[in-house]
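The values are calculated or read from the model by the stated rules, or taken from the named source; none is laboratory data. On a predicted model such as this, the values are computed, not experimentally measured, just so you know. Counting neighbours? That spans all protein chains shown, and the Cβs are built from the backbone with ideal geometry, glycine included. Side chains are part of the model used for accessible areas, which takes the heavy atoms of the whole protein and leaves out ligands, DNA and RNA. Shrake-Rupley method; radii C 1.70, N 1.55, O 1.52, S 1.80 Å.
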Amino acid sequence: MKLPAAFRSSKGLIGAVLVLMILLVAIIAPLVIPPDMATQMDMRARLSPPTLAHPLGTDQLGRDLMYRVLLGAHTSIYIATAAVLMSIVIGLPLGLISGYVGKTTDNILMRLVDTLLAFPALLLALTISAVLGPNLQNTIIAIGIAFTPFLARIIRGEALRVAQMPYVEAARTAGNSDTRLIVRHILPNIMPAVIVQSTISLAFAILAEAGLSFLGLGTQPPDASWGLMIQASRDYLDRAPWTALVPGAAVALTVLGLNMFGDALRDALDPRARKGAT
């Protein structure tokens, strides 16, 4: 795998820069910004436009939007990353077993996956979050479960393809156990697809978190969340459009960066994609 190749295109470079900036903000912001800065209210400055005192303006409660957006990056990235990791932990063994074992096991597991795929991911996450209750941990669980079927399907397809390769057949003929075949020969060769899909899933997970928070089933006040900020701004769009534009721009730039970087990773890690592009 030649990861540096992902940065050779302008698309990959721009995406990587955007993703790196968002990650740095998400990591550093909670360390340097006191938590009360995002919740401190100043009713005299409510719905204030961008000024030197408040570079991105204030919301309907006089809270500084810059601090809330910066801390909201931590919330969104944390939830999205945890949810995608959860989908990998569940979907990776599910797809590997289904693709390698095949037959009855494959049919049973894939029918379960198809049942989940019958629901749109956001609707499934919405239903799970409503059943479990709205809080940060349940939001992670809801999004993680909703994204697991997509990842399991992709891993299953890759495992089926790799399992039929001559070197896998040769290793099987040489007497290698199923566990060794999966760990030493199949898993390393499907990891590029897992990495690419996980990167793209991060973008959709951020959108899902924003959607759940907007509907009141995700992050709860007073925590800073991009979706919560957009939800709170809906009654003030005519008077204070910046209250929606600022968090909306943060979501858009993060999703754009992850999608661009994910596409560049796919081109760099997938020989078939490179061959098709030439």
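Structure data summary
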{"quantity": "Residue-averaged [θ]222 nm for the chain, counting only DSSP H segments that reach four residues, each worth -39500 (n - 2.57)", "calculated": "-24000 deg cm²/dmol"}
{"quantity": "Kyte-Doolittle at least 1.6, axis length at least 27 Å by Cα - qualifying DSSP helices, the chain", "calculated": "10-32"}
{"quantity": "Cα point-scatterer Debye curve for the chain, base-10 log of I(q)/I(0) at q = 0.10, 0.13, 0.14 Å⁻¹", "calculated": "-0.60, -0.91, -1.01"}
{"quantity": "Heavy-atom SASA rank of Glu158, Glu209 (probe 1.4 Å, accessible area, largest first)", "calculated": "Glu158, Glu209"}
{"quantity": "Heavy atoms of Val246: accessible area, 1.4 Å probe, square angstrom to 10", "calculated": "30 Å²"}
{"quantity": "q = 0.16, 0.21 Å⁻¹, region 93-228: log10 I(q)/I(0) [Debye, one scatterer per Cα]", "calculated": "-0.83, -1.12"}
{"quantity": "Exposure of Met43 as accessible area (Å², to 10), given a probe of 1.4 Å and all protein chains", "calculated": "110 Å²"}
{"quantity": "Hull-based mean projected area of region 120-200, where the convex hull spans the alpha carbons, in square nanometres", "calculated": "6.5 nm²"}
{"quantity": "All-pairs Cα distance distribution in region 159-278, expressed in whole percent, bin size 10 Å", "calculated": "12, 27, 21, 17, 14, 7, 2, 0"}
{"quantity": "Student exercise, the chain dipole from Lys, Arg, Asp, Glu Cβ charges, in Debye to nearest 20", "calculated": "820 debye"}
{"quantity": "Taking region 177-232 and dividing mean pair separation by its residue count, relative contact order in percent (alpha carbons under 8 Å, at least six apart)", "calculated": "22 percent"}
{"quantity": "The chain, relative contact order [Cα under 8 Å, separation at least 6], %", "calculated": "28 percent"}
{"quantity": "Average Cα contact separation per residue, region 30-79, under 8 Å, 6 or more apart, as relative contact order %", "calculated": "34 percent"}
